[in-house]
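Take a look at the structure set out below.
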Amino acid sequence: MTTVTTPLSDTDLIAIESDKVVDARGSACPGPLLEAKKAMNTIQIGQTIEIWSSDPGTKGDVSAWSAKVGHTYLGTVPGEGYERTFVVRQK
């Protein structure tokens with residue numbers, strides 16, 4: 001199980017090996033968040049999902065949702081034309 005103080009540095013985030021990648025590039029709000037919610041149910045507690053999104057609102061949406069439902073938002077780093085957002089399932 002992952003124990004983390006959030007958010008992580010870009011260097012730490014880039015080094016994460018995600019358990020599941022959600023490719024929501026090209027999907028507008030609320031698409032990336034809905035895809036993240038669905039993916040969370042496919043991994044075990046303590047595992048990490050990585051959301052790829054070109055929607056600039058995804059970072060804030062996923063961060064707020066994680067806090068609301070009790071998952072751990074690790075942070076977001078830039079990818080090639082999209083952002084990579086990381087969340088650890090806690091329940």
Residues of region 5-36 being assigned to a helix (DSSP H, G or I), open to solvent by 80 Å² or more (accessible area, probe 1.4 Å) and under 19 Å from Ala67 (Cβ atoms), which ones? Leu34
Has region 52-71 got at least one residue that is part of a strand (DSSP E or B), of a type outside the set (Val, Ile, Thr) and open to solvent by 20 Å² or more (accessible area, probe 1.4 Å)? yes
Given (1) farther than 17 Å from Val77 by Cα; (2) under 13 Å from the mean Cα position of the chain (by Cα), Ile16 misses just (1)
Quick test of your reading of the structure: Phe86 fulfils all but one of (1) open to solvent by 80 Å² or more (accessible area, probe 1.4 Å); (2) of a type outside the set (Lys, Arg); (3) touching a Phe, Trp or Tyr at 6+ places or on another chain (Cβ under 8 Å). Name the failing condition by number. (1)
Being closer than 16 Å to Asp10 by Cβ and either assigned to a loop (DSSP other than H, G, I, E, B) or not charged (D, E, K, R) (or both) narrows it down to one residue among Thr85, Thr42; which is it? Thr85
Of everything in region 39-69 that's free of Cβ contacts under 8 Å to residues at least 12 places away in the same chain and out of contact with any strand residue (DSSP E or B) (no Cβ under 9 Å at 6 or more places or on another chain), which residue is farthest from Val22 (Cα to Cα)? Lys68
Conditions (1) at pLDDT below 95; (2) under 11 Å from the mean Cα position of the chain (by Cα): number failed by Thr48: (1)
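The values are calculated or read from the model by the stated rules, or taken from the named source; none is laboratory data. Everything quoted here is computed from the prediction, not taken from an experiment. Positions of Cβ are generated from backbone atoms using ideal geometry, with glycine treated the same way; all protein chains shown enter the neighbour counts. All accessible areas refer to the heavy atoms of the entire protein, side chains included, with ligands and DNA or RNA removed. Shrake-Rupley method; radii C 1.70, N 1.55, O 1.52, S 1.80 Å.
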